Amino acid sequence: MSGVRIPPVLRTATGGQKQIEVDGSTVGELIDGLVAAYPALAGQLLASSGDLNPFVNVFLNETDIRHLDERATAVQPSDTLIILPAMAGGSRPQADG
């Protein structure tokens, strides 16, 4: 089993768990297993096509999976998958008054 680190913004969907052990031999299998165990994550992680939402960044150990084989990237039991949804924020400029 590989570990999947859950960011604080998604922990409500996992009962507060910071890391979850998931079976799978590829990144895609880990994500699918995670969503199967915690269905509330599906809307936050996956697009309607089943692909990762474009605003979700996924790292295998410390490498962005976009620089690897994306969902087809092989994983080992000692690997850690890190999920980081992009965060929006900041402030709007105020009008001069």
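The values are calculated or read from the model by the stated rules, or taken from the named source; none is laboratory data. Keep in mind that what you see is a predicted model, and the values were worked out from it rather than measured. As a convention, Cβ positions derive from the backbone with ideal geometry for all residues, glycine included, and neighbour counts pool all protein chains shown.
Couple of notes before you dig in:
- Taking first residues from the stretch 31-50 that are over 18 Å from Gln19 (Cβ atoms) and partners that are not in a helix (DSSP H, G or I), the Cβ contacts under 6 Å between residues at least 6 apart in sequence or on separate chains come to Ala47/Asn53.
- Residues of the stretch 59-91 satisfying the condition of being in contact with a Phe, Trp or Tyr (Cβ under 7 Å, 6 or more places away or on another chain) and at pLDDT below 90: Pro85, Ala86
Every residue, every condition in (1) loosely packed, with under 13 Cβ neighbours inside 10 Å; (2) within 13 Å of Val4 (Cβ to Cβ), yes or no:
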| residue | (1), (2) |
| --- | --- |
| Glu29 | no, yes |
| Gly33 | no, yes |
| Ala36 | yes, yes |
| Gly43 | yes, no |
| Glu62 | yes, no |
| Asp69 | no, no |
| Ala72 | yes, no |
| Val75 | no, yes |
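- Hits in the stretch 1-35 - residues which are assigned to a loop (DSSP other than H, G, I, E, B) and among the acidic types (Asp, Glu): Asp23
- Considering each residue of the stretch 46-58 in turn, none proves to be modelled with pLDDT of 90 or more, out of contact with any helix residue (DSSP H, G or I) (no Cβ under 7 Å at 6 or more places or on another chain), part of a strand (DSSP E or B) and within 18 Å of Met1 (Cβ to Cβ).
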